[in-house]
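Contents: one structure, followed by commentary.
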Amino acid sequence: MNKIKILGITAISIAASILVTSCRDKRSTGWEYAPNMYRHIAYDPDQANPNFADGKTAQVPPKGTIPVGFTRFDFPNDRGGYDSASVVAKNPLPANKKNFEDGKILYEHFCSPCHGKTGEGDGLVVSHGYPAPPSYSKGQSSRGGAMKDLTDGKIYHTITYGVNAMGSYASQLSPQERWKVVAYVHHLQTL
């Protein structure tokens, strides 16, 4: 056979295979590189799921479940919880330079607008007509006692739940960040 016949047969074979494969289902996109990306096995949260008695995929976590990274603070937002936290809750973080510096930065960002840079209750909001919070070193707590005598638990409870005009900072500061602020507030109590 000569070369022209071989090339002709090859060209006709290629053309025939293209024609045959192109006449299939028009909705097909061809080969899928990663079919699990298009048709995954897992149920979507809003899909019905026959594996559960109530037929829902999104289930409520079992009672007592604690999310990963969550730290439980089992003191209620009342005077009894405040007093209990005063005795029981202790700062779990080591008293080192890194935690102190982190606490200072967090305090300056979140607390100093009201409490002032040195904790004297002379923050920026006071100059705008808001009532001054008590000084950490000289003031008296609205719950009784001197501010300089506040314990870890009392400060943490107040940051978590708020008191008087101060709102809760639980959504702005993680539990670990709150403990860092507690460590820095103890420094301000001694000034």
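Odds and ends about this structure:
- Residue pairs whose Cβ atoms lie under 7 Å apart, separated by 6 or more positions or on different chains, with the first residue in segment 108-129 and within 23 Å of Ala146 (Cα to Cα) and the second acidic (Asp, Glu), are Gly116/Asp122; Lys117/Glu108.
- Selection from segment 136-147 of residues that are part of a loop (DSSP other than H, G, I, E, B) and of a type in the set (S, T, N, Q): Ser137, Ser141, Ser142
- Top-ranked residue in segment 100-137 [being within 29 Å of the chain's Cα centre (by Cα) and among the polar types (S, T, N, Q); ranked as surrounded by the fewest Cβ atoms within 10 Å (Cβ to Cβ)]: Thr118
- Selection status of Arg79, loosely packed, with under 11 Cβ neighbours inside 10 Å and either of a type in the set (Val, Ile, Thr) or closer than 20 Å to Gln172 by Cβ (or both): no
- If you go through segment 51-76 and pick out every residue that is surrounded by fewer than 14 Cβ atoms within 10 Å (Cβ to Cβ) and either in contact with a Phe, Trp or Tyr (Cβ under 8 Å, 6 or more places away or on another chain) or over 24 Å from Glu177 (Cβ atoms) (or both), you end up with 12.
- Test set (1) of a type in the set (Gly, Ala, Ser); (2) over 17 Å from Pro113 (Cα atoms); (3) free of Cβ contacts under 8 Å to residues at least 60 places away in the same chain - Gly153 fails condition number: (3)
- Identity of the residue in segment 170-191, under 18 Å from Pro134 (Cα atoms) and of a type in the set (Ser, Thr, Tyr), that ends up modelled with the highest pLDDT: Tyr184
- Subset of segment 166-187 [surrounded by fewer than 17 Cβ atoms within 10 Å (Cβ to Cβ), in contact (Cβ under 8 Å) with a residue 40 or more places away in the chain and over 13 Å from the mean Cα position of the chain (by Cα)]: Met166, His187
- Those residues of segment 148-163 which are in contact with a Lys or Arg (Cβ under 9 Å, 6 or more places away or on another chain) and over 18 Å from Val88 (Cα atoms), in sequence order: Lys148, Val163
- Selection status of Val20, surrounded by fewer than 11 Cβ atoms within 10 Å (Cβ to Cβ) and either over 24 Å from the mean Cα position of the chain (by Cα) or of a type outside the set (Asp, Glu) (or both): yes
- The lone exception for Tyr161 - which of (1) within 28 Å of Asn96 (Cβ to Cβ); (2) surrounded by fewer than 19 Cβ atoms within 10 Å (Cβ to Cβ) it fails: (2)
- Helices (runs of 4 or more DSSP H) contained in segment 18-135 and holding at least 1 residues at pLDDT 90 or above and out of contact with any Gly (no Cβ under 9 Å at 6 or more places or on another chain): 79-88, 97-110
The values are calculated or read from the model by the stated rules, or taken from the named source; none is laboratory data. Keep in mind the model is a prediction, meaning the values are calculated, not measured. Positions of Cβ are generated from backbone atoms using ideal geometry, with glycine treated the same way; all protein chains shown enter the neighbour counts.
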